[in-house]
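One structure is given here, and the rest of the page talks about it.
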Amino acid sequence: MSPRASLTRIVRRNGWVIGLCALLGVLLIVTKIIQPNYGAAGFGSLVRAALPFAFAAAAQALVVIVGGVDLSIASMMALTSVTAATLMEGSSEEFAILVVLLVLLMGLVLGAINGALIVITRVPDIVVTLAMLFVWEGAALLVLQAPGGAAAQWLKALIVGTVDVAWLPREVSTWIPKGLVLLVVALGVVWIPLRRSRLGLSMYAVGSDPLAAFRSGVAIGRTKIVAYALAGLFAAMGGLVLTMSTGIGAPIPGPYLLASVAAVVLGGVTLGGGKGGLVGPIVAVLILRLVRTDLTFLAIDPNVTTIIEGTIMVFVVMLGGLVALRSHPR
Amino acid sequence: MSATGPARASRWRRVLRDRPLIPLIVLLLALVVVLELLRPGIVNERWVANTIKFAIPLAILAACQTMTMLTGGIDLSVGIVATMSAFVMATQVTTHDPAVAILIALVPAALVGLANGIGVAFFRVHPLIMTLGMSLIVTGCLQVYQRTVLATGSAIPEALVWLGTGRTYGIPNALVLFVPLAVAIVFGLRRTGFGRLLYAIGDNETASRFAGVLVWQVIIVLYVISGLLAGIAGLLYVGLIKAPSLSLAVPLLLPSVAAAVIGGTSIFGGRGGYAGTIVGALILSVLTTLLTVLQMPEGSRRMLFGAIILVVTAAYIRITEES
């Protein structure tokens with residue numbers, strides 16, 4: 001295949017994501033125009049604010065790809081966050097390593113429970129995860145009644161500041177916040193091998209047509225459970241990030257459920273399953289956060305910001321619907 | 001075990017499948033019995049009236065879920081729409097006649113429903129996303145609106161308090177509104193063309209389109225009705241709670257979905273009905289009292305609430321499913 005043809009293929013396949021990246025670029029330029037001294041520091045704080053949202057969106061994306069939806073992500077984040085904060089309170093810095101591993105494992109288990117319940121009870125995903133939303137939220141309240149706990153110093157330092165790489169010029173490295181590296185590494189370690197594996201392929205197969213997948217010999221139940229378990233793992237990462245950035249754990253779930261669904265849809269992962277990846281939702285999270293920043297710079301009332309965010313979400317999705325209609329007329 | 005065992009079991013199963021209300025009512029009564037055993041004397045006329053009073057706004061919101069779920073949709077904007085109409089009414093009533101204020105309050109509710117309907121019908125946005133997005137927009141609008149009416153204060157008309165809280169001869173007045181409404185919905189779903197169209201679209205949208213159904217009209221009317229019902233539920237609820245706030249009915253959103261699901265309405269569309277939903281709302285209402293009586297910590301209460309929703313739905317699917 002000629003390089004040109006393969007290039008057009010890449011563009012056609014990833015059109016949505018490329019469009020999102022372009023939109024992000026435009027928004028960054030707009031931000032620079034609105035606020036001339038916006039720079040690396042601003043980008044760093046943008047990434048830091050976006051981190052929990054990004055992990056929530058990644059978790060939601062995995063589940064949506066297999067054709068489900070997980071309403072309990074914010075609750076799982078709250079539960080893992082308070083668990084981490086409680087365990088780390090008054091303990092040594094080394095012990096925190098153990099806590100991190102334990103909490104990640106806990107996320108896997110929580111997610112696997114969600115998935116197993118869906119497969120075993122045959123109740124629709126949305127209902128099971130709705131019920132589990134209450135269960136995990138209740139568990140978080142049992143672990144910690146009110147916001148509290150602590151986080152290890154090295155964990156907090158993990159998302160503050162920028163990366164210092166010897167061979168990179170200073171101008172470049174100031175634009176790489178540690179939080180971004182953490183995000184890319186944490187998601188990449190799971191996602192890249194998964195995407196290339198048989199299991200990843202099965203996930204897409206189950207999402208796009210469960211019956212066809214079943215007849216081709218895909219173990220649907222197992223694939224679903226794994227997807228939910230990995231979503232739980234990402235949610236646990238999100239919970240840890242919450243504890244890292246605030247230094248405490250809060251048992252009341254944040255606004256991550258809505259935001260994760262919005263980012264997933266904006267990011268080109270269709271509800272219903274079988275399409276999209278993790279890059280789109282992550283870029284969508286950054287866009288949504290940056291819009292919020294811009295509106296703050298413009299001294300627009302934060303409440304109006306909520307209206308604008310909702311409107312953007314609805315309009316982008318409507319636009320996506322129109323595009324889909326044009327390309328596949330019914 | 002005798003040889004007739006399995007046969008009898010399957011006959012039972014058939015009866016339960018044809019009359020899905022029976023297991024639900026049995027569950028409701030069982031919960032009441034458990035409550036009475038735990039706290040003898042609690043189940044009296046006053047308690048029953050109270051439970052019904054709190055179940056009614058939930059049941060109306062669950063009606064929105066039932067009807068939208070019949071077409072394979074869902075309406076996640078009902079919590080904030082109910083809150084909005086209650087808040088708008090409470091702030092407008094200081095300068096307008098109560099009846100006018102109520103009408104003013106229902107207009108935005110219908111408009112939100114219209115927007116949902118247009119998004120779902122024309123732009124083919126997934127109802128989950130459309131209604132979530134609208135609820136974000138409404139939340140923002142409501143916060144801005146609150147700032148503009150800070151000075152006017154708020155009030156709740158006598159009529160709504162009477163309707164929401166009052167009792168006549170021990171019977172909650174809210175039933176005056178709810179009984180005709182419930183009858184209209186149950187009848188409307190079972191016997192009218194519009195109700196049948198909802199089932200048809202939920203069962204197979206393409207087939208109903210080929211059969212000549214103007215799907216977009218049905219969907220738009222459906223979501224407008226859903227918005228209006230949510231507005232009415234909000235007005236009733238504020239008469240019960242007597243304190244308008246920006247988060248008044250938002251906590252009722254997820255229970256309203258749960259009530260419809262427990263009541264046997266399939267979230268994928270085409271199956272279910274409103275009678276089950278009403279029993280589902282009553283079950284949730286009794287369950288809340290039960291969990292309060294048990295004096296558990298808040299955390300375990302929520303866990304138990306979630307677990308029970310799951311167990312009931314799973315059992316229900318097992319019983320009513322074709323075997």
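The values are calculated or read from the model by the stated rules, or taken from the named source; none is laboratory data. Just so it is clear, the structure is predicted and the values come from calculations on it, not from any experiment. Using ideal geometry, Cβ is built from the backbone for each residue, glycine included, and neighbour counts are taken over all protein chains shown.
Any residue at all in region A:22-44 that is of a type in the set (Val, Ile, Thr), over 20 Å from the mean Cα position of the chain (by Cα) and farther than 22 Å from A:Leu180 by Cα? Among the residues of region A:22-44, at least one is of a type in the set (Val, Ile, Thr), over 20 Å from the mean Cα position of the chain (by Cα) and farther than 22 Å from A:Leu180 by Cα, which makes the answer yes. For region B:234-271, taking the residues that are outside any loop (DSSP other than H, G, I, E, B) and not hydrophobic (A, V, I, L, M, F, W, C), the one that is farthest from the other protein chains (Cβ to nearest Cβ) is identified as B:Gly239. From the list A:Ala186, A:Ala250, A:Ala262, A:Ala284, the lone residue that is within 30 Å of A:Pro147 (Cβ to Cβ) and modelled with pLDDT under 85 is A:Ala262. Could you give every pair whose Cβ atoms fall below 7 Å, whose first residue belongs to region B:88-104 and is on the phi > 0 side of the Ramachandran plot, and whose second residue is surrounded by 16 or more Cβ atoms within 10 Å (Cβ to Cβ) and at pLDDT 90 or above, counting only separations of at least 6 or pairs across chains? Qualifying pairs under 7 Å: none.
Could you pull out the residue among B:Val183, B:Val179, B:Val238 that is out of contact with any Ser or Thr (no Cβ under 7 Å at 6 or more places or on another chain) and touching a residue at least 12 places away in the same chain (Cβ under 8 Å)? Before you say what the answer is, go through the steps one by one.
Details: B:Val183 fails: touching a residue at least 12 places away in the same chain (Cβ under 8 Å); B:Val179 fails: touching a residue at least 12 places away in the same chain (Cβ under 8 Å).
Unique residue meeting the criteria: B:Val238.
Scanning region B:111-141 for residues that are under 15 Å from B:Ala86 (Cβ atoms) and more than 9 Å from every other protein chain (Cβ to nearest Cβ) gives a single hit, B:Val112.
Among the residues making up region A:265-281, those that are surrounded by 24 or more Cβ atoms within 10 Å (Cβ to Cβ), in a helix (DSSP H, G or I) and modelled with pLDDT of 85 or more are A:Gly280, A:Pro281.
Residue check: is B:Thr83 more than 12 Å from every other protein chain (Cβ to nearest Cβ), more than 18 Å from A:Val314 (Cα to Cα) and not basic (Lys, Arg)?
It is true that B:Thr83 is more than 12 Å from every other protein chain (Cβ to nearest Cβ), more than 18 Å from A:Val314 (Cα to Cα) and not basic (Lys, Arg).
Just one of (1) more than 30 Å from B:Val43 (Cβ to Cβ); (2) in contact (Cβ under 8 Å) with a residue 24 or more places away in the chain; (3) in a loop (DSSP other than H, G, I, E, B) fails for B:Gly231. It is (3). Take A:Gly276 and decide whether it is over 12 Å from the mean Cα position of the chain (by Cα) and either within 14 Å of another protein chain (Cβ to nearest Cβ) or small (Gly, Ala, Ser) (or both). Against the criterion (over 12 Å from the mean Cα position of the chain (by Cα) and either within 14 Å of another protein chain (Cβ to nearest Cβ) or small (Gly, Ala, Ser) (or both)), A:Gly276 qualifies.
So is A:Leu141 within 22 Å of A:Gly273 (Cα to Cα), surrounded by 14 or more Cβ atoms within 10 Å (Cβ to Cβ) and within 14 Å of another protein chain (Cβ to nearest Cβ) or not? Even if it seems obvious, please write down each step before you answer.
Values: within 22 Å of A:Gly273 (Cα to Cα): no; surrounded by 14 or more Cβ atoms within 10 Å (Cβ to Cβ): yes; within 14 Å of another protein chain (Cβ to nearest Cβ): yes.
The answer is no for A:Leu141.
Just wondering, is there one or more residues in region A:161-179 that are at negative phi and at pLDDT 90 or above? Within region A:161-179, none of the residues are at negative phi and at pLDDT 90 or above.
Provide a single number: the residues in region B:272-323 that are outside any helix (DSSP H, G or I) and facing chain A (nearest Cβ under 9 Å). Let's see the steps before the verdict.
Taking region B:272-323 as the starting set, the residues that turn out to be outside any helix (DSSP H, G or I) are B:272-273, B:294-297, B:321-323.
Okay, now just the ones that are also facing chain A (nearest Cβ under 9 Å), so B:297, B:321.
Total meeting the criteria: 2.
Scanning region B:94-128 for residues that are crowded, with 24+ Cβ neighbours inside 10 Å and at pLDDT below 85 gives a single hit, B:Val125.
Scan region A:303-330 for residues that are more than 7 Å from every other protein chain (Cβ to nearest Cβ) and either more than 19 Å from B:Ile137 (Cβ to Cβ) or modelled with pLDDT of 75 or more (or both) and the total you get is 11. Here's a check for you: in region A:114-132, which residue that is without any contact (Cβ under 8 Å) to a residue 60 or more places away in the chain and aliphatic (A, V, I, L, M) is farthest from the other protein chains (Cβ to nearest Cβ)? Out of the qualifying residues, it is A:Ile120. Would you check which residues across region B:177-201 are more than 20 Å from the chain's Cα centre (by Cα) and within 27 Å of B:Leu163 (Cβ to Cβ) and list them? Within region B:177-201, B:Thr192 is the sole residue that qualifies.
Report yes if some residue within region B:109-132 is in contact (Cβ under 8 Å) with a residue 40 or more places away in the chain, in a helix (DSSP H, G or I) and over 27 Å from B:Arg209 (Cα atoms); otherwise report no. Yes - at least one qualifying residue is present in region B:109-132.
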